[in-house]
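What follows is a set of notes on a single structure, which appears directly below.
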Amino acid sequence: MVTVAKTGNEAMAEAMRQINPDVVAAYPITPATEVAMIFAGFVANGLVDTEFVAVESEHSAMSATVGASVAGARAMTATSSQGLALMAEILPVASALRLPIVMPEVNRALSAPINIHCDHSDTMFVRDAGWIQIFSESTQEAYDNVIQALRIAEHAKVRLPALATTDGFILSHCLENIEVIDDDKVREFIGEYKKENMLLDTDNPVTIGALDLQDYYFEHKMPVAEAMRNAKDVILEVGKEFGKKFGRTYGLFDGYRLDDAEVAVVVLGSTAGTARAVVDDLRKEKVKAGMLKLRVFRPFPHEELAQALGKLKAVAVMDRSDSFSSSGGPVFTEVRSALYDMAIKPKVMNFIYGLGGRDVGLADIRSVFDALGKALKIGKIEEPVSYLGVRE
């Protein structure tokens, strides 16, 4: 293992190089362009055996990746924002066909207005497409998550596509020191691709893309739901094995100072580092604060999360996207649902923040903890859903 400085995009491209997929199809989009561009350089320099397909749109990128995967190739792509939205038509095709495609995805705001900076609206836009979704706090996690995502996606009990995300510009274009695993050890960890139901396997013919009406459509969707349930245990198994081999263990989420906490925030992605610093400051002031960093959004760890948060007095869920449901952001609705059946449960409020890349600082997150303290003091939540940092 060697320590080097890499941006999030460089780290994800490096993981792709070590995976050495059979096919990569891609179309550029800020801030994910570099992932495919750097990887294309690896192809041009003969560092991988990959067939690189430069297509005319992200819709075509995902279509070509699906085509390669059903033919029996280990296939990958990368995208962001409107590119992911343009792929949306094909994403549930990939999951329904049980194709273990892995896609590095750089979180960026959806238009309109046009914005190239970070929020999670793109990833949340496709949250119900049947793809595993893994979020990264750091460049190191982005690198590690791409490698693990492949093992998870290809597992016999899963066989689902997976997104490994990183926050646009905050991580994608910022340098951090990361530990890069030796190539041979990555190849050993991911193993040989065990092909199933290949379209080109003429000895075992299969039908792909057939019309499936009311007689069997339901039955053919159920395996996706079952595979997503299976994925939870596989994610934990792969994360534990990764830790044993490389010293960094991963789970469904990470708790920080939660054991004796009374109040806590739930966050995704790069905001976790800022929240962790605020928790430390509050602890010095004798406030029993904590944080839960959600790593895996799909499958959503309802039972495990309820166990981790159930003993708290109040929880603030921070969403870097809005569902426009008037009932809070997507992470908030999932967390509150997870806590619903508990006999004694914390007060839960939602803060939507950071849309379009707006900075969130120490003072912003401290204000969230202040709101939790106020709710406990008066015995109720006055504003279940708030928009943090919006100028009136």
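Return the residues of the stretch 357-370 that are in contact with a helix residue (DSSP H, G or I) (Cβ under 9 Å, 6 or more places away or on another chain), surrounded by 13 or more Cβ atoms within 10 Å (Cβ to Cβ) and either in a helix (DSSP H, G or I) or free of Cβ contacts under 8 Å to residues at least 40 places away in the same chain (or both); say none if nothing qualifies.
ASP364, ILE365, ARG366, VAL368, PHE369
Mind checking which residues of the stretch 136-187 are in a helix (DSSP H, G or I) and at positive phi?
none
Criterion first (hydroxyl-bearing (Ser, Thr, Tyr), modelled with pLDDT of 95 or more and either outside any helix (DSSP H, G or I) or in contact with an Asp or Glu (Cβ under 6 Å, 6 or more places away or on another chain) (or both)) does SER386 satisfy it?
Working: hydroxyl-bearing (Ser, Thr, Tyr): yes; modelled with pLDDT of 95 or more: yes; either outside any helix (DSSP H, G or I) or in contact with an Asp or Glu (Cβ under 6 Å, 6 or more places away or on another chain) (or both): yes.
Here the answer is yes, as SER386 does meet what is asked.
Kindly list the number of the only condition in (1) in contact with a Leu (Cβ under 6 Å, 6 or more places away or on another chain); (2) assigned to a helix (DSSP H, G or I) that fails for ALA264.
Only one criterion in (1) in contact with a Leu (Cβ under 6 Å, 6 or more places away or on another chain); (2) assigned to a helix (DSSP H, G or I) is unmet by ALA264, namely (2).
For residues in the stretch 219-232 being free of Cβ contacts under 8 Å to residues at least 12 places away in the same chain and of a type outside the set (A, V, I, L, M), which is nearest to MET318 (Cα to Cα)?
Here the residue is GLU226.
Please go through the stretch 303-325 and give me each residue that is of a type in the set (Gly, Ala, Ser) and assigned to a helix (DSSP H, G or I), ordered by number.
Within the stretch 303-325, ALA306, ALA308 meet the criteria.
What number goes with the only condition from (1) surrounded by 24 or more Cβ atoms within 10 Å (Cβ to Cβ); (2) closer than 16 Å to ALA11 by Cα; (3) touching a helix residue (DSSP H, G or I) at 6+ places or on another chain (Cβ under 6 Å) that PHE135 does not pass?
Result: PHE135 passes all but (3).
List the helices (runs of 4 or more DSSP H) that sit entirely inside the stretch 42-120 and contain at least 3 residues that are under 19 Å from the mean Cα position of the chain (by Cα) and among the small types (Gly, Ala, Ser).
81-87
Within the stretch 144-152, can one find any residue that is among the hydrophobic types (A, V, I, L, M, F, W, C) and more than 30 Å from GLY247 (Cα to Cα)? Don't jump to the end; show me each part of the working.
Going through the stretch 144-152, the residues among the hydrophobic types (A, V, I, L, M, F, W, C) turn out to be 146-147, 149-150, 152.
Retained after the next criterion (residues that are more than 30 Å from GLY247 (Cα to Cα)): none.
Scanning the stretch 144-152, I find no residue that is among the hydrophobic types (A, V, I, L, M, F, W, C) and more than 30 Å from GLY247 (Cα to Cα), so the answer is no.
Please tell me if ALA375 is at negative phi and touching a residue at least 40 places away in the same chain (Cβ under 8 Å).
Numbers: at negative phi: yes; touching a residue at least 40 places away in the same chain (Cβ under 8 Å): yes.
Criteria met by ALA375.
Restricting to the stretch 26-38, and then to whatever is in contact with an Asp or Glu (Cβ under 9 Å, 6 or more places away or on another chain) and within 17 Å of VAL146 (Cα to Cα), can you tell me which residue is surrounded by the most Cβ atoms within 10 Å (Cβ to Cβ)?
VAL35
Filter the stretch 37-63 down to residues that are of a type in the set (Gly, Ala, Ser) and free of Cβ contacts under 8 Å to residues at least 24 places away in the same chain and give me whichever is farthest from ALA78 (Cα to Cα).
So the residue we want is GLY46.
Please go through the stretch 64-76 and pick out each residue that is free of Cβ contacts under 8 Å to residues at least 40 places away in the same chain and surrounded by fewer than 20 Cβ atoms within 10 Å (Cβ to Cβ).
Within the stretch 64-76, just GLY67 meets the criteria.
Being surrounded by 17 or more Cβ atoms within 10 Å (Cβ to Cβ), more than 18 Å from the chain's Cα centre (by Cα) and not acidic (Asp, Glu) narrows it down to one of LEU213, LEU258, so name that one.
Just one listed residue meets the conditions, LEU258.
The values are calculated or read from the model by the stated rules, or taken from the named source; none is laboratory data. No experiment lies behind these values; they were computed from the predicted model shown. Please note: Cβ atoms are built from the backbone with ideal geometry, for glycine as well, and neighbour counts cover all protein chains shown.
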